[in-house]
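**Q** I have a structure here, written as C-alpha cells, and I will follow up with some questions on it.
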Amino acid sequence: MDLVAVLGLEILNGIASLVLISVGLAIIFGMMRVINLAHGEFLMLGGYAAIIATSHGVNIWISMLVVAPIVVGLIGIVAERLIIRVLYGRMIDTLLATWGLSLFFIGLVTTIFGNSVAGIGAPLGSVAVGRYSISLYRLFLVGVAAAMVVAIYAVLRGTRAGLLARATMENPNMAAALGVSPPRVYATTFGVGAALTGLAGGVLAPISGVLPTVGAAYVAKAFITVISGGTAIVAGTATAAGLFGTVSQLVTYLTTPVIGEAGLLVAAILLLRVLPHGITGRIFRGSL
Amino acid sequence: MSPGIVVTAILMIGVAVGTPLVVDQFELLQLTVFASMCILALSLGVVWGYGGILCFGQSAFFGLGGYTYAVTAVNRGESTLAIGLGIVVPALFAALLGYFMFYGRLSDVYLGVITLSVTLIFFNLVNSTAGDAYRIGSARLNGFNGMPSLPTFNVPGDPGRLLDPTETFYLVMALLLIVYGGLHLLLASHFGRVVVAVRENETRCELLGYDVRQVKLSIFTIGGGIAGLAGCLFANWGAFVSPTMFSLSMTSQIIIWVIVGGLGTLVGPIIGCLIMQYLATALGTQQLANTNLIFGVIFLAFVLLVPRGIVPSLGVLRARWLRARSSRPAA
C-alpha cells in the first residue's frame with residue numbers, strides 16, 4: 001500500500017516536472033510557432049538566477065518565484081528584440097539561430113560561474129508515508145505545475161490580454177487592422193513564455209541543481225511533450241506530460257532512470273507515428 | 001563533372017600525396033583527424049544540403065559507428081569486419097529511425113527535435129554503461145570513461161600488420177576523396193536529381209509519381225552510413241571512443257561546419273569543417289574565451305548575416321563580378 005502511494009507520487013512528480021519544463025515552450029513554440037532551442041538554457045538561467053539571488057541573502061521563495069521569472073523574462077524580451085524578431089516565419093533559421101543562442105548562453109555562464117554544479121537546499125522538510133519518507137518540496141512542485149496550467153488557461157480564455165494574444169497568433173494582419181500592434185503582442189507573449197520558463201527553472205533548481213550544460217537534459221523532453229501535445233497547447237501539453245510522465249516513471253521504476261528516458265522517447269516516436277498531429281490533433285480537438 | 005569538382009579532387013590528391021613529405025608527425029595526425037571530420041561534414045552536407053533534411057542526429061550515427069567499430073575490433077582483434085559493421089550498423093539504425101520519421105510524414109521541425117532527442121538519449125545511455133555488467137563479448141563499454149586502447153586499422157587479412165600514421169593518412173584522404181567523388185556521382189545520377197527535386201518541391205515530386213518517403217529514407221540512410229564511417233576513422237585515430245562522440249556539442253559542431261561552409265554544396269562543408277576545426281584547435285590552446293561562447297556567436301552571425309554560407313556567397317560575388325565585367329563595353 002505504501003509502495004503504491006509512493007509510486008503514485010513518483011508518477012505525479014514525473015508529470016509535474018514535464019509540465020514545468022514544457023509550459024514556457026508551449027507558449028513560445030506551441031502558440032507562437034517559434035522554435036526556441038535555447039529553451040533549456042532559459043531554464044538553466046532561471047536556476048542560476050534563483051541560486052545567486054538566494055546566496056546573496058534574498059529569501060529563497062522570493063528568489064525562486066519572483067527573481068527567476070523576472071530575470072529570464074527580461075532576457076527573453078531582449079532575445080526576441082535582437083534575434084527572433086528578424087526571423088519570424090523562417091522556422092529553420094529560427095531553429096538555428098536559437099541553437100546558436102543556446103551555445104552562447106552555455107559559453108557565457110561557463111565563463112562567469114565555471115563548469116561546476118551549483119545548488120541550494122530544498123526548503124520544506126519531508127513527511128513519512130509508512131516506511132517511506134516523501135519530500136514536501138516535491139509536492140509543492142506538483143502544486144506549482146498545476147497552478148501554472150490553470151493560470152495559463154484562465155489568462156488565455158478569460159482575459160482581454162489572452163484574447164489579443166490568441167487573435168494575433170491566429171491572424172496578425174486582421175489583428176493589426178483592428179488596432180492591435182502585433183510586434184508588441186509577440187514581444188510580450190515571448191517574454192511571458194520566457195518568464196514562465198524562468199520560474200520553472202527556479203523551482204526546479206533545488207532538486208536538480210544547475211550547471212551550464214543542464215539545458216540539454218531538458219530541451220528535448222520539453223519539445224517532445226509540446227509536439228506530442230499538438231495544437232491545443234494547454235490541454236495538449238498537460239495530457240502529453242501525463243502520458244509521458246507515467247511511461248517514463250514506470251519504466252524507471254522497473255529498470256533505471258536512463259532507460260526510463262529512452263522509454264519516453266520511444267513512446268513519443270510511436271505516438272507521432274500513429275497521431276502525426278499530436279494528441280489534440282485527434283482528441284480534445286478545438287480545446288485550448 | 002564540372003571543372004570545380006575536378007579542381008577540388010586534384011587539390012585533394014595533391015594534399016594527400018604532398019603533405020606527409022612536408023609536415024611532422026604531430027601535424028600529420030592533426031590533419032588525419034581533420035580529414036575524418038570532413039567526411040562527417042559531408043554526411044550532413046548531403047543529407048541537409050541536398051536532401052533538405054535538417055538532422056541533429058548526425059553525431060548519433062557518428063558515435064554509433066565509432067562504438068560498433070570499437071566493440072567489433074576488440075572482439076575480433078582485427079579491423080576489416082569492424083569497419084564494415086561500423087558503416088552498416090549506423091546505416092541500419094538511420095533506416096529504422098528514418099522509417100518512423102518519413103513514413104510518419106513528420107515535418108522539418110519535428111525531424112530536428114526527434115533526431116536531437118535520439119542523440120541525447122544515446123549520450124545518456126552510453127554514459128550509463130559503466131561497470132562490468134555492460135559488456136558486449138569481451139568489450140567493456142566503460143560508460144563515461146569510454147573505451148581506450150582499441151585495435152587500430154590493419155591490412156585486411158593480416159591482423160598483425162598495422163597501418164602506420166602515414167599510411168593511415170593516405171587511407172583517410174583516399175576515403176575522403178571516394179566519399180566526395182561518390183556523392184557527386186550519386187547526385188549527378190537520376191536518383192540524385194530526384195533527391196534535389198524532393199528538396200525543392202515535395203508535392204510536385206509526389207504528383208509526378210515518386211515515392212518521396214522512400215527517396216528521403218534512402219538519402220538519410222546513406223548519410224547515416226557515411227557518418228558511421230567517419231566514426232570508425234575517429235575511433236581508429238585516437239584508438240579511443242567515448243560518449244562525447246554522441247554529445248550535443250559534437251552535433252552543433254557538425255551543423256556549424258555545414259552552415260559556415262554553405263548549404264547545397266559538397267566542397268562547402270569540407271571548407272567549413274577545416275576552418276572551424278582549425279579555429280577550435282586554436283581556441284582550445286588559449287584560455288581567453290570559452291569555445292562555446294565563440295561558436296555561438298559565429299553561429300548567430302552566420303544565420304543572421306551570411307545565411308547561405310561561405311562557398312555559395314562567394315559564388316554569388318563571383319557571378320556579380322563576371323556580370324559587371326561583361327557589361328563593360330569592350331575597348
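The numbers here are math on the coordinates, done by the rules we state, and not lab data. Predicted, not measured: the structure shown is a model, and the values here were computed from it. Here the Cβ positions follow ideal geometry from the backbone for every residue, glycine too, while neighbour counts run over all protein chains shown.
**Q** Pick out which of A:Ser228, A:Ser135, A:Ser248 has the largest mean-square fluctuation in a Gaussian network model of chain A, springs linking Cα atoms closer than 10 Å.
**A** A:Ser135
**Q** Between A:Val78 and A:Ala167, what length comes free when the chain is fully extended (0.36 nm per residue of separation minus the Cα-Cα distance, one decimal in nm)?
**A** Full-extension gain reported as 29.7 nm.
**Q** Say we join alpha carbon atoms closer than 10 Å with springs in a Gaussian network model of chain B; which of B:Ala139, B:Ala35, B:Ala319 then has the biggest fluctuation?
**A** Taking springs between Cα atoms under 10 Å, the residue moving most is B:Ala319.
**Q** Using the beta-carbon distance between B:Tyr103 and A:Arg33 and R0 = 30 Å, what value does 1/(1 + (r/R0)^6) give for FRET efficiency, to the nearest 0.05?
**A** 0.75
**Q** Still on this model: Would you calculate the separation in nanometres between label points at A:Met174 and B:Tyr278, each defined as 7 Å from the Cα along the Cα-to-beta-carbon direction?
**A** A separation of 5.5 nm, rounded to one decimal place.
**Q** Apply the membrane-span-like helix rule to chain A: whole DSSP H runs, Cα extent along the own long axis of at least 18 Å, mean Kyte-Doolittle hydropathy at least 0.0. List the helices found.
**A** Helix filter hits for chain A: A:2-25, A:39-55, A:68-82, A:91-113, A:136-158, A:182-208, A:215-229, A:233-254, A:257-274.
**Q** For a footprinting-style exposure proxy, rank A:His39, A:His277, B:His184 by other Cβ within 10 Å, fewest first.
**A** A:His277, B:His184, A:His39
**Q** Connecting C-alpha atoms closer than 10 Å in a GNM of chain B, tell me which of B:Val195, B:Val258, B:Val109 has the biggest fluctuation.
**A** Maximum among the listed residues: B:Val109.
**Q** How big is the protein assembly as shown on each of its three principal axes, counting only the C-alpha atoms and giving the largest first in Å?
**A** Principal-axis extents of the Cα atoms in the protein assembly as shown, largest first: 72, 70, 53 Å.
**Q** On a 0 to 90° scale, report how tilted helix B:58-76 is relative to the longest principal axis of chain B, with both axes built from alpha carbons and the result rounded to the nearest 10.
**A** For B:58-76 against chain B, the angle is about 30 degrees.
**Q** Simple spin-label model, 7 Å along Cα-to-Cβ: B:Leu208 to A:Ser116 in nm?
**A** Here the answer is 6.1 nm between the modelled labels.
**Q** Moving to a separate point now. Just from the alpha-carbon atoms, what are the Rg and Dmax of segment B:3-246 in angstroms?
**A** When restricted to Cα atoms, segment B:3-246 yields Rg and Dmax of 18.7, 57 Å.
**Q** How high is the relative contact order of chain A, in percent, with contacts defined as C-alpha pairs under 8 Å that are six or more residues apart?
**A** Worked out over chain A, it gives 34 percent.
**Q** Here is a further query. Taking only C-alpha pairs under 8 Å that are 6+ residues apart, what is the relative contact order of chain B in percent?
**A** Across chain B, relative contact order equals 30 percent.
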